[in-house]
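Quick notes on the structure that follows.
The values are calculated or read from the model by the stated rules, or taken from the named source; none is laboratory data. The model shown is predicted, which means the values in this text are computed figures rather than measured ones. Here the Cβ positions follow ideal geometry from the backbone for every residue, glycine too, while neighbour counts run over all protein chains shown. What goes into the accessible areas is simple: the full protein's heavy atoms, side chains included, and nothing from ligands, DNA or RNA. Shrake-Rupley method; radii C 1.70, N 1.55, O 1.52, S 1.80 Å.
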Number of protein chains: 4
Amino acid sequence: MSREEFRYHFPLRVRFAETDMQGIVFNGHYLTYIDTAVTEYLRHVSYPYQEMVKSGCDFVLARVSCDFRSPAHFDDLLEVHTRVVELKTRSFVVEFEIYREGEAAPLFTASSVYVGIDPTTKRPTPLPEQFRQIVGSFERLP
Amino acid sequence: MSREEFRYHFPLRVRFAETDMQGIVFNGHYLTYIDTAVTEYLRHVSYPYQEMVKSGCDFVLARVSCDFRSPAHFDDLLEVHTRVVELKTRSFVVEFEIYREGEAAPLFTASSVYVGIDPTTKRPTPLPEQFRQIVGSFERLP
Amino acid sequence: MSREEFRYHFPLRVRFAETDMQGIVFNGHYLTYIDTAVTEYLRHVSYPYQEMVKSGCDFVLARVSCDFRSPAHFDDLLEVHTRVVELKTRSFVVEFEIYREGEAAPLFTASSVYVGIDPTTKRPTPLPEQFRQIVGSFERLP
Amino acid sequence: MSREEFRYHFPLRVRFAETDMQGIVFNGHYLTYIDTAVTEYLRHVSYPYQEMVKSGCDFVLARVSCDFRSPAHFDDLLEVHTRVVELKTRSFVVEFEIYREGEAAPLFTASSVYVGIDPTTKRPTPLPEQFRQIVGSFERLP
């Protein structure tokens, strides 16, 4: 895979508070990075998270696999490449590749499954048709 | 001041994730430590936070002053000495001193003001009379 | 799998600061939970992390897969069941199951691969023989 | 005081992971916000933190006072107005005011004291003369 296959990336700079005593970004913060990237992705495709929730569907992370390939450091400028690769009735799959600016190989890759839930009952609920259309069209999914 | 003046302390161990690249606990985590100590303090005096919220009063941090006297490190066993020093109608003041186990001088001290808010409207609201009685009696406040 | 298959678990209580606006523990904090459990596991088998680093071998998370089965909430008492299931020359695999106290089904499961690195050069390095013996014997690995 | 008195501000957007179950930014994250603002301030005045450390002087937070005036929420666009108001031999004082974009009143204000330390020995050390000149000139301090 390569970054050319992504139609969106979110830039961010590593904060001092995100480093640990090994001098690298603590692994848990990568989940914050990809979570933030999903928010920005939805804004980018003009279907902001808040609009989705208002329409009656929130979502939660159900599964994630992460590969930590090389460490990120304080002040690194990162690009969180983000794309939705699958849209099901009640869930969607997002792939992430994080690159240090100017580098050819990702330092982190992940694949996440998010499940739609009712904001009030917190029970699984189908994803909004509008979400599926907008994202499916942006990603040119079948 | 000294730890003898506190009737409660909460023990905690510094997590790896709380350190930063300077090899010490990142300053922001101390606010998590004292927040957690308030939760445990309320459990200790048998007036758990959840009961307070159910009774119609939540609270938020309105002001805090912190002194970082010496750094805490990974795996340190800390004691968060905690006491309520003032109970007003809509707010209360808590003092904290954090000691590394077995040490005479605190490595961190703080004073916080919390304000009662209505859990629904989020507007300031008087603290529950029961809270004031229980805490006032525990601390022997006038 | 069930918690009977684990010879160690680390108890922890969910902090307020670990919740998010959905009212549940934010997913990234689970990586802090399992990281902390590994530290406590090593202390439990009498081969503390600090001793391992002093002996010339640190380690980093290389890969992790997480299943978020049901949410944890503020003040939940959790048990992070932890076991090493594989010991290779330069890496080891740890499995985690997190249960809410008293519940039969885990709310979170994960599998992590950690890689030994030289604390100074940060390059991959073989795991200490002592580590492999102590952990292998504790887990009754072949 | 008002934002006109600040010559620098750092923009940031509140991340989902920074909210808590009260639906607002958890207080500890404000210390991350101001820490990040100091890093960006130093970059802005062309004396990056990394350069300061290389020159033999790191610094740590010694004291901070914070006023939480009104809550910040998920996705808010914030401006962290930042200015150095005092330069001593071994310490400097920074004031912060955080505004939600477009609002007249700050939702958070703080004053911090940072102390220079030797990166190796971690003992207090005088601030670099270059730091004092550059920042003093930027802020038009006497």
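Counting the residues of the range D:109-142 that are in a loop (DSSP other than H, G, I, E, B) and of a type in the set (A, V, I, L, M, F, W, C) gives 2.
Could you check the range B:74-94 and list, in sequence order, the residues that are closer than 30 Å to residue A:26 by Cα and within 12 Å of the chain's Cα centre (by Cα)?
Within the range B:74-94, the subset closer than 30 Å to residue A:26 by Cα is B:74-82.
Hits for the range B:74-94 are B:79, B:80, B:81, B:82.
Filtered by the rule that a residue be within 14 Å of the chain's Cα centre (by Cα) and over 25 Å from residue B:67 (Cβ atoms), the range D:35-73 gives D:40, D:43, D:44, D:45, D:48. Hey, among C:36, C:89, which residue is in contact with a Pro (Cβ under 6 Å, 6 or more places away or on another chain) and not in a strand (DSSP E or B)? It is C:89.
The set of residues from the range A:17-47 being touching a helix residue (DSSP H, G or I) at 6+ places or on another chain (Cβ under 6 Å), within 22 Å of residue C:33 (Cα to Cα) and more than 12 Å from chain C (Cβ to nearest Cβ) comprises just one member, A:17.
Only one of A:19, A:82, A:39 is closer than 30 Å to residue C:119 by Cα, of a type in the set (S, T, N, Q) and either without any contact (Cβ under 8 Å) to a residue 12 or more places away in the chain or surrounded by 20 or more Cβ atoms within 10 Å (Cβ to Cβ) (or both). Can you tell me which?
Among A:19, A:82, A:39, only A:19 is closer than 30 Å to residue C:119 by Cα, of a type in the set (S, T, N, Q) and either without any contact (Cβ under 8 Å) to a residue 12 or more places away in the chain or surrounded by 20 or more Cβ atoms within 10 Å (Cβ to Cβ) (or both).
Of the residues making up the range A:76-85, not a single one is over 13 Å from residue A:135 (Cα atoms) and among the polar types (S, T, N, Q).
Output the residues belonging to the range B:93-108 that are assigned to a strand (DSSP E or B) and out of contact with any Asp or Glu (no Cβ under 6 Å at 6 or more places or on another chain).
Here is the first cut: in the range B:93-108, the ones assigned to a strand (DSSP E or B) are B:93-100, B:108.
Passing the criteria: B:94, B:95, B:96, B:97, B:98, B:108.
Working only within the range D:128-142, note down all residues that are out of contact with any strand residue (DSSP E or B) (no Cβ under 9 Å at 6 or more places or on another chain) and surrounded by 14 or more Cβ atoms within 10 Å (Cβ to Cβ). First the steps, then the outcome.
Taking the range D:128-142 first, the residues out of contact with any strand residue (DSSP E or B) (no Cβ under 9 Å at 6 or more places or on another chain) are D:129-130, D:133-134, D:137, D:140, D:142.
Of everything in the range D:128-142, just one residue is out of contact with any strand residue (DSSP E or B) (no Cβ under 9 Å at 6 or more places or on another chain) and surrounded by 14 or more Cβ atoms within 10 Å (Cβ to Cβ), namely D:134.
Here is a yes/no grid of residues against (1) open to solvent by less than 70 Å² (accessible area, probe 1.4 Å); (2) more than 22 Å from residue A:72 (Cα to Cα):
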residue: C:56; (1), (2): yes, yes
residue: C:88; (1), (2): no, yes
residue: C:109; (1), (2): yes, yes
residue: C:121; (1), (2): no, no
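The set of residues in the range D:62-79 being touching a Cys at 6+ places or on another chain (Cβ under 8 Å) and either open to solvent by 20 Å² or more (accessible area, probe 1.4 Å) or of a type in the set (Asp, Glu) (or both) consists of D:63, D:65.
Restricting attention to the range A:1-10, does a residue exist that is of a type outside the set (D, E, K, R), open to solvent by 20 Å² or more (accessible area, probe 1.4 Å), at pLDDT below 95 and more than 16 Å from residue A:127 (Cβ to Cβ)? Taking every residue of the range A:1-10 in turn, at least one turns out to be of a type outside the set (D, E, K, R), open to solvent by 20 Å² or more (accessible area, probe 1.4 Å), at pLDDT below 95 and more than 16 Å from residue A:127 (Cβ to Cβ).
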